[in-house]
């Protein structure tokens, strides 16, 4: 087999603007040459930080629920949730088990793409 996982792509009405959001969320840099048509958020060399994120301009807006979404995790769930909201994310749902062992929140980025933040127990 000669296939490697390169990254994940999102459609967006303004690739550079949504790349700024995701770069801030992940603490990464946007690659050189970003524009409204195409932008990429660089992948780190460290495995836990995940793949390259690419953003492509499309003329139409999002109309239905994502078929694919990102799952992020943090042991600082409350403070990271607040940071995501401050960056422009919207809170959609919050799932919490009675014993507080399982918790995640579904957010939407400024383009409406859903993603989850999962509470990581270290």
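The values are calculated or read from the model by the stated rules, or taken from the named source; none is laboratory data. Since the model is a prediction, treat every value here as computed from it, not as a measurement. Glycine gets a Cβ as well: all are built from the backbone with ideal geometry, and neighbour counts include every protein chain shown.
Structure data summary
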read-out: Condition check for residue 10: buried (at least 16 other Cβ atoms within 10 Å of the Cβ), at pLDDT below 90 and within 26 Å of residue 119 (Cβ to Cβ); value: yes
read-out: Test for residue 17: is it in contact (Cβ under 8 Å) with a residue 40 or more places away in the chain and either over 18 Å from residue 110 (Cβ atoms) or not assigned by TED's automatic domain parsing to the domain that holds residue 109 (or both); value: yes
read-out: Residues satisfying the stated conditions in segment 68-92, i.e. part of a strand (DSSP E or B) and surrounded by fewer than 16 Cβ atoms within 10 Å (Cβ to Cβ); value: 71, 73, 90, 91, 92
read-out: Residues satisfying the stated conditions in segment 93-119, i.e. in contact with a strand residue (DSSP E or B) (Cβ under 8 Å, 6 or more places away or on another chain) and surrounded by fewer than 14 Cβ atoms within 10 Å (Cβ to Cβ); value: 93, 94, 95, 96, 97, 102
read-out: Failed condition for residue 58, given (1) surrounded by fewer than 16 Cβ atoms within 10 Å (Cβ to Cβ); (2) under 17 Å from residue 21 (Cβ atoms); (3) modelled with pLDDT of 90 or more; value: (3)
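The rows are residues; the columns are (1) out of contact with any helix residue (DSSP H, G or I) (no Cβ under 8 Å at 6 or more places or on another chain); (2) farther than 16 Å from residue 109 by Cβ; (3) part of a loop (DSSP other than H, G, I, E, B).
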site	(1), (2), (3)
10	no, no, no
23	yes, no, no
40	no, no, no
54	yes, no, no
66	yes, no, yes
